[in-house]
Amino acid sequence: MTETVHADVVIVGGGTAGVSSAYHIAQRGKRVVLLERGYTASQASGVNFGGVRTNGRTEGEMPLSLRAKRFWHKLNDYIGDWCDFRISGHLEITHDEKEMQVMEKWSRMAEGHGQVSELLTPRQLRERYPWMSRGIIGGCLVPDDGSANPRLMVPTMALAARRMGADIREHTEVISCEHDGIEFTVATKTGLSVRAPRMVNACGAWSNRIASQFGEEFPIEPITPQMLVSEPVAVKIDPVIDLCLAGRYLYFRQVERGNILFGRGSGKVDLDACRAYVFPVNGFNGSCVATNLIPDLRGLNIIRTWSGIDGAMPDSEPILGFSQTVPNLVHAFGFSGHGFQLGPATGAVVAELVLDGRTATPIEAFRVGRFATAEQPDRKLA
Amino acid sequence: MAEMNSRHVVVVGAGPAGIRAAETLVEHGCQVTLIHEGPAPGGQIYRQQPGGFRRSARTLYGDDADRAVNVHDAAARLIARVAHIPNCTVWNIVDKTLYLLKESGIATLSFDSLVLATGAMDRVLPLPGWTLPGVFSLGGAQIALKHQACAIGGRVAFVGIGPLLYLVAFQYLKAGAGVAGVFDTSGFGTKLAALPRMMSAARYAWRGVRYRRALRRADVPLFEGVRPLRIDGQGSVTALQCRLPNGSTHSVACDAVALGYGLQAESQLAQLAGAQVQFETGQRTWIVRHDGAGRLAPDVYGAGDGIAILGAEAAELTGERAAWSLLQDRGLKPPAARLRHIDRALDRLVRFRTGLDAAFPVPVRQLEEVPDETILCRCETVTVGDARRTIDRFQPRDVNRLKALCRTGMGRCQGRICGLATAELLSQRMGLPIESVGRLRGQSPVKPLPFTLAAKEAEPRIAEEAIRGLAREVAE
């Protein structure tokens, strides 16, 4: 069955970036169609760790992250549900003097952006977090960070976007897209065709598949951040916590039932099958760090492991801005494993870019052309 | 040929299927490792009693005593000729490596070929009170008696479907436990209509008649075509409430309930090994797809109830057949007459099975009547109402999506208990065919994994930094 729909904006990709963009575009009263191959938030957007943090963000990400924070703190007003969002604080901890200096520097930088944080001494850590191993020498707490349920956040935002008129089509895989100088035409496997003067590429790890149809190519690599979860634990761990050890982060948070979610390492990806595979050794390494940090875990079980696919850029910053080869195409992908918190602001910025042509939020760090080589001219449209 | 045959085969499971598969492989020169979760071979159906117990095979296994003894004898002969790893859970499969959990720790084992004979477990459907202490699955109630000579209660109500319902009630009666009644959700007429097909294995049909007669003679109330409404009690079971075919409500005092609606294949490992599953309409459950001779995926074979629920006699046959397929794939010509015999015997048992399925349809409609506050997923305390509200709000069409949205099936048991009921609920509420909503995907670890044992397997440089960096004392 063929069907052609006309819209102001067509979005490809139903993850955090795409759904949030649809939400903000619909809020502005524009006709928006979102095309998603599976369900919304099928990959990293729906099965990520659920951390909602500004803590540890690069200076380039601070404005976007702080804009997102304002949305998160009123999540229920915006999308009609809290999605288990909890302001519990986010704590970076370390066992390493050099790492502590990095945190001190970060704290000063954040203060310049108006973000309050608190540097904690070993004594403060011991008083507040008696379950924590004594090897931790300090930490940096951002009290107004927290966590949310990624399985609910994007699907709930999609419901809110639909209520405002967004046309969100799940199980609608894009097979081709083209630009005739005026409009984009996006064809799908179901026979649906969408025509719109503006387009958003929010396909995460698969974004090159859209970009390449317009002669663009980005150095994006698929990653699958690996998660595991414990049985409910009696000990109470309030903040979301990050610890960098042996060159990688262990990050964890406790959910209301008492289970602790841990993330560490990246698994194997099959982009064509849309499947992420877990490497057992990541779970072993994570368990080793976790049991040394939280002795109360001893005697408990790992009950589940999972992962989802995200796209990572070489500098771990997303691509967010206009295409360099075709007008009115906005790219929003490559969030490199930390796009969940940014999501609400990402969509707001995308809406401003596609509808107004500019945004007041600084996004210089996410420049589309920053990886362009000599063979690929930096500004084809300039 | 000898060299080809000496490549390493791992058989997972030591019930009738695993034992017969391993036996056939060893007889033809394969180097076999036999892994199973129990302390002794036999599986659930022929589970052996602990040391020091002295009940006879006849007492333990009843009409199946000869088969049980044969399988145990075969296992005893086999153990000397295979690498035998009891008390061991396979919790993950990656490429051609098994991840094992033993009391001593985690280990890996690589294989050239794999035979999965992982058996089955009970299916339950939620009803108010089903998570009360004293409510057991039907199979669990039988294991308690067979293994350790324990009854689940002094006055037990048996609720559900299938031949196991009458068998276990009969076994409890014989063992001297009080049987409060048998509450069969299938009507007499339904069973009568299916009788002709069940005559393909008449001796099994005849057994069912005998168990019923024995129960009647002992004045055990037998009800057919009932709908269980709820299990009453505060902290423990005190009564079962049912609706009888005439519409009246019947209450029976009891202190335990055995609940079972047939079996489901333990197919998680097969899925991790690359096998596909398919819906089995008669049993309303998912079985593992194979080529008709036990081939599941390249170098992966399957047998017994872990592949399709056909019972213990069929398990011995499919175990042997999977072994022949493996040997054939390694260049050995299987004996045609023997294969014909196996196939003919299996045909008969499959026909009997379709008769049984027709006689005991899974009463999934009873879910429509279950009140919202009833627990659906006991691991995560998700109620039927939570699931219904989530379905109405998000309109998911796939049971894995429903799981993501409301946590059902996310707990310790990985959805073994609530998975099929969740799928039925979703199918009913959304008006979708049951096979289209799918089943919960098998994921590693297929059973819970202790943190401390996992931690021991960390890479040395990480373990070293974790211990050096985290375990020390720091001056304040």
**Q.** Residue under evaluation A:Ala205, criteria (1) surrounded by fewer than 22 Cβ atoms within 10 Å (Cβ to Cβ); (2) within 22 Å of A:Ala41 (Cα to Cα), criterion not met
**A.** (1)
Q. Can you find even one residue in the stretch B:396-417 that is surrounded by fewer than 22 Cβ atoms within 10 Å (Cβ to Cβ) and among the polar types (S, T, N, Q)?
A. yes
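Residues checked against (1) within 14 Å of the chain's Cα centre (by Cα); (2) of a type in the set (Asp, Glu):
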position: A:Val5; (1), (2): no, no
position: A:Val12; (1), (2): no, no
position: A:Gly15; (1), (2): yes, no
position: A:Ile25; (1), (2): no, no
position: A:Lys30; (1), (2): no, no
position: A:Thr54; (1), (2): yes, no
position: A:Pro63; (1), (2): no, no
position: A:Phe71; (1), (2): no, no
position: A:Asp81; (1), (2): no, yes
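For residues in the stretch A:161-176 being away from every other protein chain (no Cβ under 14 Å) and part of a loop (DSSP other than H, G, I, E, B), which is surrounded by the most Cβ atoms within 10 Å (Cβ to Cβ)? If you could, list the steps in order and put the result at the bottom.
Just the residues of the stretch A:161-176 that are away from every other protein chain (no Cβ under 14 Å), to begin with: A:164-167, A:173-176.
So of that shortlist, the ones also part of a loop (DSSP other than H, G, I, E, B) come out as A:164-166, A:173.
Details: A:Met164: 15, A:Gly165: 14, A:Ala166: 27, A:Glu173: 13.
Looking at residues that are away from every other protein chain (no Cβ under 14 Å) and part of a loop (DSSP other than H, G, I, E, B), I get A:Ala166.
Quick one: would you say A:Thr185 is away from every other protein chain (no Cβ under 14 Å) and in a strand (DSSP E or B)?
yes
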Q.
Of all residues being facing chain B (nearest Cβ under 10 Å) and under 19 Å from the mean Cα position of the chain (by Cα) in the stretch A:244-259, which is modelled with the lowest pLDDT? Just the residue, please.
A. A:Arg248
Q) Looking at (1) assigned to a helix (DSSP H, G or I); (2) of a type in the set (A, V, I, L, M, F, W, C); (3) touching a Lys or Arg at 6+ places or on another chain (Cβ under 8 Å), can you tell me which one A:Ala158 breaks? A) (3)
**Q.** Single residue of B:Glu424, B:Glu435 found to be in a helix (DSSP H, G or I), surrounded by fewer than 18 Cβ atoms within 10 Å (Cβ to Cβ), among the acidic types (Asp, Glu) and within 24 Å of the chain's Cα centre (by Cα)
**A.** B:Glu435
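Do we have A:His179 as at pLDDT 95 or above, surrounded by fewer than 23 Cβ atoms within 10 Å (Cβ to Cβ) and within 14 Å of chain B (Cβ to nearest Cβ) here?
Here the answer is no, as A:His179 does not meet what is asked.
Show me the helices (runs of 4 or more DSSP H) entirely contained within the stretch A:75-139 in which 3 or more residues are acidic (Asp, Glu) and more than 14 Å from chain B (Cβ to nearest Cβ). First the steps, then the outcome.
Values: elements: A:75-79, A:97-112, A:122-128.
Helices (runs of 4 or more DSSP H) meeting the threshold: none at all.
Of everything in the stretch B:73-97 that's assigned to a strand (DSSP E or B) and touching a Ser or Thr at 6+ places or on another chain (Cβ under 7 Å), which residue is farthest from the other protein chains (Cβ to nearest Cβ)? Explain how you work it out, then say what you get.
Here is the first cut: in the stretch B:73-97, the ones assigned to a strand (DSSP E or B) are B:83-85, B:89-94, B:97.
Imposing the further condition that a residue be touching a Ser or Thr at 6+ places or on another chain (Cβ under 7 Å) reduces the set to B:83, B:85, B:91-92, B:97.
Working: B:Ala83: 22, B:Ile85: 19, B:Trp91: 9, B:Asn92: 6, B:Thr97: 9 Å.
Looking at residues that are assigned to a strand (DSSP E or B) and touching a Ser or Thr at 6+ places or on another chain (Cβ under 7 Å), I get B:Ala83.
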Q: Look through B:Ala475, B:Ala458, B:Ala423, B:Ala471 and report the one residue that is farther than 27 Å from A:Pro150 by Cα, aliphatic (A, V, I, L, M) and modelled with pLDDT of 95 or more.
A: B:Ala458
Q) Looking only at residues in the stretch B:414-458 that are more than 8 Å from chain A (Cβ to nearest Cβ) and of a type in the set (Asp, Glu), which one is nearest to B:Gly385 (Cα to Cα)? A) B:Glu424
Q.
Can you tell me which of (1) under 28 Å from B:Leu101 (Cβ atoms); (2) touching a residue at least 24 places away in the same chain (Cβ under 8 Å) is the one B:Ala80 doesn't meet?
A. (2)
Q) Does A:Thr94 satisfy the criteria of being surrounded by 21 or more Cβ atoms within 10 Å (Cβ to Cβ) and hydroxyl-bearing (Ser, Thr, Tyr)? A) yes
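For (1) surrounded by 24 or more Cβ atoms within 10 Å (Cβ to Cβ); (2) assigned to a loop (DSSP other than H, G, I, E, B), each residue gets a yes or a no:
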{"position": "B:Trp286", "(1), (2)": "no, no"}
{"position": "B:Asp291", "(1), (2)": "no, yes"}
{"position": "B:Leu310", "(1), (2)": "no, yes"}
{"position": "B:Ala314", "(1), (2)": "yes, no"}
{"position": "B:Leu317", "(1), (2)": "no, no"}
{"position": "B:Ala322", "(1), (2)": "yes, no"}
{"position": "B:Leu326", "(1), (2)": "yes, no"}
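Conditions tested, residue by residue: (1) part of a strand (DSSP E or B); (2) more than 14 Å from chain B (Cβ to nearest Cβ); (3) touching a strand residue (DSSP E or B) at 6+ places or on another chain (Cβ under 8 Å).
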site	(1), (2), (3)
A:Val281	no, no, yes
A:Cys288	no, no, no
A:Ile303	yes, no, yes
A:Ser336	no, yes, yes
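The values are calculated or read from the model by the stated rules, or taken from the named source; none is laboratory data. Predicted, not measured: the structure shown is a model, and the values here were computed from it. So basically every Cβ, Gly included, is an ideal-geometry build from the backbone, and we count neighbours across all protein chains shown.
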